[in-house]
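The next block holds one structure in the form of structure tokens; read it before the comments.
No lab work stands behind these numbers, since they all come straight from the coordinates. This one's a predicted model, so the numbers in the text were calculated from it and none came from an experiment. We place every Cβ from the backbone using ideal geometry, glycine too, and count neighbours over all the protein chains shown.
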There are 2 protein chains.
Amino acid sequence: MTLHIKIGMFDSGVGGLTVLREVERFLPTDSFIYFGDTARCPYGGKSNTTIIRYSIENSTFLIKQDIDLLIVACHTASSLALDTLTKTFNIPVLGVVRPAVALAAKVTQNKRIGVIGTKATIQSGVYQKELSDILSGAVVLAQACPLFVPLIEEQFANETISKLIVKEYLKPFKEEKIDTLLLGCTHYPLLERLIREEIGPDVQIVNPATACAQAALKIKGDAAVFTKQARSPGKIPHQFFVSDDPHSFRQIGERFFGIELPVIQTVTSTFH
Amino acid sequence: MTLHIKIGMFDSGVGGLTVLREVERFLPTDSFIYFGDTARCPYGGKSNTTIIRYSIENSTFLIKQDIDLLIVACHTASSLALDTLTKTFNIPVLGVVRPAVALAAKVTQNKRIGVIGTKATIQSGVYQKELSDILSGAVVLAQACPLFVPLIEEQFANETISKLIVKEYLKPFKEEKIDTLLLGCTHYPLLERLIREEIGPDVQIVNPATACAQAALKIKGDAAVFTKQARSPGKIPHQFFVSDDPHSFRQIGERFFGIELPVIQTVTSTFH
């Protein structure tokens with residue numbers, strides 16, 4: 001009998017839909033509850049304390065929905081809050097950082113790895129630290145790209161400007177001969193074409209959403225971690241919750257992330 | 001005897017410091033309490049309901065500090081929440097929108113006025129409506145510039161990119177022969193040099209912070225609106241509160257807005 005699990009996933013906003021898409025591709029028979037903290041997004045420029053507090057509140061909401069596995073789709077929250085969440089809750093908690101680090105360490109040949117992300121993610125030093133921990137002799141070059149998220153969310157039409165911004169942020173990597181580039185923010189896969197054009201064909205681009213999806217599949221395979229029996233009648237339709245009104249989430253999610261969204265519910269009680 | 005008043009001012013973050021600077025220039029003997037809602041900023045892309053809720057919470061906090069006048073330094077909040085705040089609280093409430101509209105209507109010669117702001121401000125239509133209301137025959141051209149705030153807050157060093165973004169957003173105005181451009185976001189005065197270079201010398205640039213400061217002076221002159229007597233011993237030092245930790249606020253405020261900041265206190269109890 002197939003085990004069906006209920007996966008709760010949160011992100012600061014709409015970006016985590018790139019993770020949802022990948023995890024669903026690997027676990028197509030399971031159920032998903034997604035929470036986007038749109039009233040308080042973005043997390044990228046905020047303090048550690050605030051990001052940890054928001055992460056606990058978001059997780060508490062999802063756990064009340066009776067989930068079996070919690071996925072922190074947000075890189076900023078994965079960087080800063082994962083240990084706290086793992087200690088606080090008694091279900092498996094999976095972030096996007098560790099799976100991405102493991103994949104980057106596996107694919108690099110010259111051990112020169114570039115990481116791009118929000119200001120908070122890069123300043124946290126988590127990617128730099130975890131890569132150095134598992135890959136002896138690793139040289140990690142990290143670059144915050146704070147204009148990428150607004151560039152993507154605003155669907156900035158001018159290709160010239162988008163290219164210039166990408167070129168500016170990637171400049172340090174070209175000089176440093178990296179062979180692997182880790183996209184340390186949920187939005188960045190949407191810039192992959194421009195990033196690829198700029199960085200050249202020889203650099204491996206690591207998308208943490210794919211790494212996270214593989215890790216989720218592995219956790220599910222180890223069914224012993226789940227305390228409950230197989231659910232019946234199996235897969236339920238996706239549920240989407242946001243903390244602001246859903247208009248903008250739906251617009252960006254559907255038009256730009258290309259994901260068809262059902263009813264989106266707004267919850268404000270615990271997300272002020 | 002000089003009347004000393006205590007002015008409470010809030011903004012979604014650090015941008016309102018441009019308003020503080022102007023109001024203080026006009027009212028140098030009065031006391032200021034500034035609140036920056038840095039844990040939930042920016043407001044620019046959020047819904048009306050959420051922005052109104054945040055505005056009420058911020059104002060409630062300031063009014064508990066025993067202020068005489070409330071200034072909403074944030075254009076998004078001024079656009080969406082001013083009427084609610086005026087009805088809810090029994091002290092004078094001043095926004096940045098109406099004074100700016102009055103000034104723009106006064107300086108335009110050809111009645112063709114451009115307005116730039118965040119997505120929420122422009123979509124609210126408030127500037128367009130209020131300008132049309134007080135200036136018969138006004139042609140108002142509005143343009144959201146969602147990359148300007150991150151461009152400024154990240155102190156994006158590349159002048160070429162900054163110029164290209166400014167050029168792109170201002171393009172519609174150049175074709176439409178406006179003679180007045182209203183900077184409908186607290187941050188935008190920091191881009192004034194680039195905007196001036198792009199828009200040319202003949203367009204009047206209206207900075208709402210200056211218009212708001214003039215309006216505050218006028219309200220103070222009409223002392224009858226204040227229920228309390230002159231305070232003693234007069235001016236108290238500025239007080240600054242934020243809802244996230246103050247590091248980033250201080251950094252941007254001091255380095256970029258050029259304002260010397262004393263101790264900044266974090267308050268989280270009512271700003272989740």
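Here is how the numbers come out for the structure above:
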{"quantity": "Local electrostatic count at A:ALA213 - Lys and Arg +1, Asp and Glu -1, tallied over other residues with Cβ under 14 Å", "calculated": "+2"}
{"quantity": "Signed unit charges on C-beta, dipole axis of the protein assembly as shown, positive-most listed residue B:VAL242, B:ILE252, B:HIS75", "calculated": "B:VAL242"}
{"quantity": "Inter-copy label distances at A:THR49 (7 Å, Cα→Cβ; nm, one decimal)", "calculated": "3.1"}
{"quantity": "Rel. contact order, % - alpha carbon contacts under 8 angstrom, at least six apart, chain B", "calculated": "28"}
{"quantity": "Where labels lie 7 Å past Cα in the beta-carbon direction, separation of A:LEU217 and A:LYS235 in nm", "calculated": "1.5"}
{"quantity": "Part-to-part distance (alpha-carbon centres) for the stretch A:158-180 and the stretch A:11-46, which is given in Å", "calculated": "26"}
{"quantity": "Averaged over B:37-49, number of beta-carbon atoms from partner chains that fall within 10 Å", "calculated": "5"}
{"quantity": "Calculated label separations, A:GLN123, copies of the chain, 7 Å along the beta-carbon direction, nm", "calculated": "2.8"}
{"quantity": "Full-extension gain in nm, B:LYS106 to B:ILE63, via 0.36 nm per residue minus C-alpha separation", "calculated": "12.2 nm"}
{"quantity": "Highest to lowest packing among A:32-43, B:116-127, A:134-145, A:77-88, scored as the average C-beta count within 10 Å", "calculated": "A:32-43, B:116-127, A:77-88, A:134-145"}
{"quantity": "Within chain B, helix-based [θ] at 222 nm, where runs of 4 or more DSSP H residues each add -39,500 (n - 2.57), nearest 500", "calculated": "-13000 deg cm²/dmol"}
